[in-house]
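To start, the structure itself, in structure tokens.
The values are calculated or read from the model by the stated rules, or taken from the named source; none is laboratory data. Since the model is a prediction, treat every value here as computed from it, not as a measurement. Backbone-built Cβ (ideal geometry, glycine too); neighbour counts: all protein chains shown. For accessibility, only protein heavy atoms count, side chains too; no ligands or nucleic acids. Shrake-Rupley method; radii C 1.70, N 1.55, O 1.52, S 1.80 Å.
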Amino acid sequence: MTRWCKPMAQEIPLEGFEPIDRPAAATARACSNVALVKYWGKVDEQRRVPATGSLSVTLGGLTTETTVAFSDREGPDLVVLDGRHIGGREGARVSIFLDMIRSVSLLHRLPIGAASVRSANYFPTAAGLASSASGFAALAGAAVRAAGMKASFDTLSNLARLGSASAARSVHGGFVELVPFKRENGSWDARTSPVASENHWDLRVLVSVVDAGYKPLGSTPAMARTAATSPYYDGWLGSWGKDLAEAHEAIAARDLERLASIVEHSALKLHALTMTSRPPVQFLRGPSIELMHTVWDLRSSGTLCAFTADAGPNIKVLCSPSDEERVRAALMSVNGVQSVQATAVGGPIDVVAHDVDPAGSWRTMSADNVEKDAEPSSSERD
Ligand code: ADP
Ligand code: DP6
């Protein structure tokens, strides 16, 4: 799986990386994010260019921490996620990502070999809480630094997008937009723009978990199915510009009532798309729908809040800090809700290089030393 210089299957971003020094290891911490206006579907699957624009808020309390060290020898990468060795498609997704960094590094005459990657998501993985976003943002930051290079947030964001599109937004903090555009040569690309910093608006996002398990179908295959089969997909492609403009205005004005309307509309449109795919993809469960009604009840009795849901059954609710406890109590009272975690708006990724590998033993650790039962249940996972 690991190569010194195998030609890359996809066009990789070669510019924007600057060699500095080669630490023993580097650790990055990144926050997850939730899209207020969502993307779903890709115009270029290989380069993970979203088919629609999106705008997210960074979730300060939902973090991933990833440590990477490269050896100078060829060999298989060792990838440990949440204490378990991951192989199969999940492991390959990480190794393919690291291959890009190996190629860039080679270009700068800094050849690197197999990697040890240790990552922890401090929230449920693959449950619709955007673990791929914080996961690939943290991996990009740690791996570039561990390879002996540095890069701007914009370069890291473009790189992270090649691991998972939503990861591009997790590199920046606060409110972040990700928009596709067409290059002069006709190919598609995307750019992220920070819209407002984490200090712009003191919002709370209450993450209500109804099922912390791996979803049966990953986001990547689910959106490909939607694009191919939902009769509503064209309408989706034609309406994101207006949604994005509305969200921009609501965020600039810190207008939660206005934001509530567009956030719920975007989330419900996305779930209408997945439900009308063939075969259908239904991410929501009974308690997810109950939570939506609870939010509407709260709003009609005067508490301003709004729900959103990504590709999973768990529901996130936006509210102001002064309403946090009231909203939390209402969400917790819904049957089937396991936990409600409140988080504030989070900041950008943070990367630290280590002179001494902080976990020297795991650099040489064999895959036999870690648990191996991490393969997700569905063969369709990406
Ligand atoms: P989610 O809603 O959690 O983002 P996805 O289906 O989009 O679900 O992505 C989940 C996948 O992302 C996992 O199956 C795994 O392949 C990858 N992933 C999640 N966390 C990490 C991490 N910390 N490091 C590397 N890959 C990760
Ligand atoms: C519903 O970015 O996780 O959260 O690029 O295939 O990894 P891949 O997909 P991913 O999809 C996120 C979809 C979403 C909406 C959004 O975050 O905009």
- Looking at segment 253-266, is at least one residue in contact (Cβ under 8 Å) with a residue 24 or more places away in the chain and within 16 Å of ligand 1 (Cβ to nearest atom)? no
- How many residues does segment 46-64 contain that are open to solvent by less than 10 Å² (accessible area, probe 1.4 Å), more than 11 Å from ligand 2 (Cβ to nearest atom) and farther than 15 Å from Pro194 by Cα? 2
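Being at pLDDT 95 or above, closer than 22 Å to Ala114 by Cβ and among the β-branched types (Val, Ile, Thr) is the requirement here; does Thr2 meet it? Show your work before the answer.
Numbers: at pLDDT 95 or above: no; closer than 22 Å to Ala114 by Cβ: yes; among the β-branched types (Val, Ile, Thr): yes.
When the stated conditions are applied, Thr2 does not pass them.
Matching residues to (1) within 16 Å of ligand 2 (Cβ to nearest atom); (2) without any contact (Cβ under 8 Å) to a residue 40 or more places away in the chain; (3) open to solvent by less than 30 Å² (accessible area, probe 1.4 Å):
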position: Met100; (1), (2), (3): yes, no, yes
position: Val104; (1), (2), (3): no, no, yes
position: Phe123; (1), (2), (3): yes, no, yes
position: Gly128; (1), (2), (3): yes, no, yes
position: Ala133; (1), (2), (3): yes, no, yes
position: Ala143; (1), (2), (3): no, no, yes
position: Met149; (1), (2), (3): no, no, yes
position: Asp154; (1), (2), (3): no, no, no
position: Ser157; (1), (2), (3): yes, yes, yes
- Determine, yes or no, whether Ala272 is within 23 Å of Phe123 (Cα to Cα), in a helix (DSSP H, G or I) and not hydroxyl-bearing (Ser, Thr, Tyr). no
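Restricting attention to segment 243-255, which residues are open to solvent by less than 40 Å² (accessible area, probe 1.4 Å) and under 22 Å from the mean Cα position of the chain (by Cα)?
Asp243, Leu244, Ala247, Ile251
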- Query: Which members of segment 171-202 meet the condition of being more than 16 Å from ligand 1 (Cβ to nearest atom), buried (at least 19 other Cβ atoms within 10 Å of the Cβ) and outside any strand (DSSP E or B)?
  - Reply: His172, Gly173, Gly174, Glu198, Trp201
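What number of residues in segment 70-81 are of a type in the set (D, E, K, R) and either in contact with a His (Cβ under 8 Å, 6 or more places away or on another chain) or surrounded by 16 or more Cβ atoms within 10 Å (Cβ to Cβ) (or both)?
Within segment 70-81, the first condition is being of a type in the set (D, E, K, R), and the residues that meet it are 72-74, 77.
Among the residues that remain, those that are also either in contact with a His (Cβ under 8 Å, 6 or more places away or on another chain) or surrounded by 16 or more Cβ atoms within 10 Å (Cβ to Cβ) (or both) are: 77.
Within segment 70-81, residues that are of a type in the set (D, E, K, R) and either in contact with a His (Cβ under 8 Å, 6 or more places away or on another chain) or surrounded by 16 or more Cβ atoms within 10 Å (Cβ to Cβ) (or both) number 1.
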- Task: Would you mind telling me which numbered condition in (1) within 12 Å of ligand 2 (Cβ to nearest atom); (2) out of contact with any Ser or Thr (no Cβ under 9 Å at 6 or more places or on another chain) Gly163 fails?
- Result: (2)
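If you go through segment 211-238 one residue at a time, how many are within 15 Å of ligand 1 (Cβ to nearest atom) and farther than 20 Å from Val263 by Cα? Step through it out loud before you land on a result.
Of the residues in segment 211-238, the ones within 15 Å of ligand 1 (Cβ to nearest atom) are 211-226.
The next check asks that each one be farther than 20 Å from Val263 by Cα; those that pass are 211-218, 220-222, 224-226.
The total comes to 14.
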- Out of the residues in segment 256-285 that are surrounded by 14 or more Cβ atoms within 10 Å (Cβ to Cβ) and among the charged types (D, E, K, R), which is nearest to Leu217 (Cα to Cα)? Arg285
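Touching a strand residue (DSSP E or B) at 6+ places or on another chain (Cβ under 8 Å), modelled with pLDDT of 95 or more and under 16 Å from Thr220 (Cβ atoms): is that true of Ala92 in this structure?
When the stated conditions are applied, Ala92 does not pass them.
So, Ala212, is that one surrounded by fewer than 21 Cβ atoms within 10 Å (Cβ to Cβ), under 27 Å from Val171 (Cβ atoms) and modelled with pLDDT of 95 or more or not? Give the derivation first.
Working: surrounded by fewer than 21 Cβ atoms within 10 Å (Cβ to Cβ): yes; under 27 Å from Val171 (Cβ atoms): yes; modelled with pLDDT of 95 or more: no.
No.
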- Scan segment 234-242 and give yes if some residue there is at pLDDT 95 or above, within 12 Å of ligand 2 (Cβ to nearest atom) and either over 19 Å from Ala311 (Cα atoms) or open to solvent by 20 Å² or more (accessible area, probe 1.4 Å) (or both), otherwise no. yes
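Look through Gly75, Gly88, Gly60 and report the one residue that is over 16 Å from Gly135 (Cα atoms), touching a Gly at 6+ places or on another chain (Cβ under 7 Å), in contact (Cβ under 8 Å) with a residue 60 or more places away in the chain and small (Gly, Ala, Ser). So that I can check it myself, show each step before the final result.
Values: Gly88 fails: touching a Gly at 6+ places or on another chain (Cβ under 7 Å); Gly60 fails: over 16 Å from Gly135 (Cα atoms).
On inspection, the qualifying residue turns out to be Gly75.
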- Filtering segment 24-45 for residues that are more than 30 Å from Thr276 (Cα to Cα) and open to solvent by less than 10 Å² (accessible area, probe 1.4 Å) leaves a count of 5
- Residues of segment 319-339 being touching a Lys or Arg at 6+ places or on another chain (Cβ under 7 Å) and either open to solvent by less than 20 Å² (accessible area, probe 1.4 Å) or at pLDDT below 95 (or both), which ones? Cys319
